[in-house]
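Working notes, beginning with the structure itself.
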Amino acid sequence: MQNIFLIIVLFVCCTVVQARPVSYPQAWTATTFNDGDRHVFNAHYSPTAFYAIGYNAEYWRDDKFQIHALHMNNLLKRWNGEGSQANFYLRTGIGAAYSDEGEFDDHTELVAFTGLSTDWETRRYFLSYQNRYVEAGNIIDNFSQRFKIGIAPYLAEYGSLHTWLMLEVRHAPEADDQLVLTPLVRLFSGPNLLEAGVSDDRDVQFNFVHRF
Amino acid sequence: MRIIVCSLFLTVLFNVSAYAQDLKNDIGSISENENPSLSIGIVDPGGEIVSVDAFGLVCDFCATAIEKVFMRKNEVSGLNVSLADHQIIIALKNGEHLDDAEIEKLITDSGYNVKSIDRSIASN
């Protein structure tokens, strides 16, 4: 089971880039996210531009457990300016967590997670904050939050390659390393977004998003 | 170590930003005597050209959303989104029409807002 999940994750690449968790009407989005804590694969469908529903799969590397959940992302509020945009999202999910490690070997629990995220961006600057609380019985009870700042060194038009230099600060009160800094490079063109970086813990972060 | 990494990154980030030259791209610009260039589709000769100034267009995901939503419409022959000008150029098929209310609804339903709609541009 674990191997199958890992293969799926590696196939798609690897972390959930949390930017823009809702797409345009009738659009699909596939996302992978990998960092020092977990590998995530996420696929969702947006019936409208204001909410998305989908499947979220995670593998937590150190604690060796998986999450498989249905999730919903809601765009609670968007502020559109002339050359700027700000968003406020609610994200929730419910599913099953499965552990095959230590005292929780072959143990399955109901898992639920929720979090808020907000972002503001222009073509030049980017700011985002998100938090997330995950609970799955005895397997996990975790709160984390991420703050990201970015700047585009040059401005490109639609369809050209957009490059962003970003810094992410991750805070997880229950983690061994509570504060982790990750400089990232974001490459963005059309429906594809890729982020890569190395944290001060020397963990690689690799994120990829594609919209259909 | 973290402070050093953070300081170095921010130094590089702001220096690159300060010295980098902005890339300007003229896709979507319109002169009086020529048809607009489009990122997708074609200008149908005799078809109406509609220019929309919009709020909230900041990235390629925004432009992709507008492109996908409008290209689903049978009336539309081509489109261009300019992030620099916050402008959407909609080329309609000859004999077809999209009224302002419908254009505004498509843009609003995509998550963006309309500032103004200009129908004074004629295709050649």
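The values are calculated or read from the model by the stated rules, or taken from the named source; none is laboratory data. Here the structure is a predicted model, which means the values were calculated and not measured. Note: ideal-geometry Cβ built from the backbone for every residue, glycine included; neighbour counts use all protein chains shown. Calculation scope for accessible area: heavy atoms of the full protein, side chains included, ligands and nucleic acids excluded. Shrake-Rupley method; radii C 1.70, N 1.55, O 1.52, S 1.80 Å.
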So how many residues does the range B:82-106 have that are more than 10 Å from chain A (Cβ to nearest Cβ) and not in a strand (DSSP E or B)? 13
Looking at the structure I just gave you, is B:Lys68 without any contact (Cβ under 8 Å) to a residue 60 or more places away in the chain, open to solvent by 30 Å² or more (accessible area, probe 1.4 Å) and part of a helix (DSSP H, G or I)? yes
Residue that is nearest to B:Leu38 (Cα to Cα), among those in the range A:146-157 that are without any contact (Cβ under 8 Å) to a residue 12 or more places away in the chain and surrounded by 18 or more Cβ atoms within 10 Å (Cβ to Cβ): A:Glu157
Residue, farthest from the other protein chains (Cβ to nearest Cβ), within the range A:76-121, restricted to residues that are touching a residue at least 60 places away in the same chain (Cβ under 8 Å) and either of a type in the set (D, E, K, R) or loosely packed, with under 15 Cβ neighbours inside 10 Å (or both): A:Asp100
Which numbered condition in (1) over 27 Å from B:Ile40 (Cα atoms); (2) within 15 Å of the chain's Cα centre (by Cα); (3) of a type outside the set (Ser, Thr, Tyr) is the only one that A:Leu165 fails? (2)
Hey, can you tell me all the residues within the range B:45-64 that are assigned to a loop (DSSP other than H, G, I, E, B) and either open to solvent by 40 Å² or more (accessible area, probe 1.4 Å) or under 13 Å from B:Asn113 (Cβ atoms) (or both)? B:Pro45, B:Gly46, B:Gly56, B:Leu57, B:Val58
Before we move on, is B:Ala101 out of contact with any Lys or Arg (no Cβ under 7 Å at 6 or more places or on another chain) and within 19 Å of A:Pro25 (Cα to Cα)? yes
Name every residue in the range A:125-173 that is within 14 Å of another protein chain (Cβ to nearest Cβ) and of a type in the set (Lys, Arg), in order of residue number. A:Lys148, A:Arg170
When the residues of the range A:193-206 are narrowed to those that are in a strand (DSSP E or B), in contact (Cβ under 8 Å) with a residue 24 or more places away in the chain and within 14 Å of A:Leu167 (Cα to Cα), which ends up farthest from the other protein chains (Cβ to nearest Cβ)? A:Phe206
Count - residues of the range B:77-102 that are of a type in the set (A, V, I, L, M, F, W, C) and open to solvent by 70 Å² or more (accessible area, probe 1.4 Å): 1
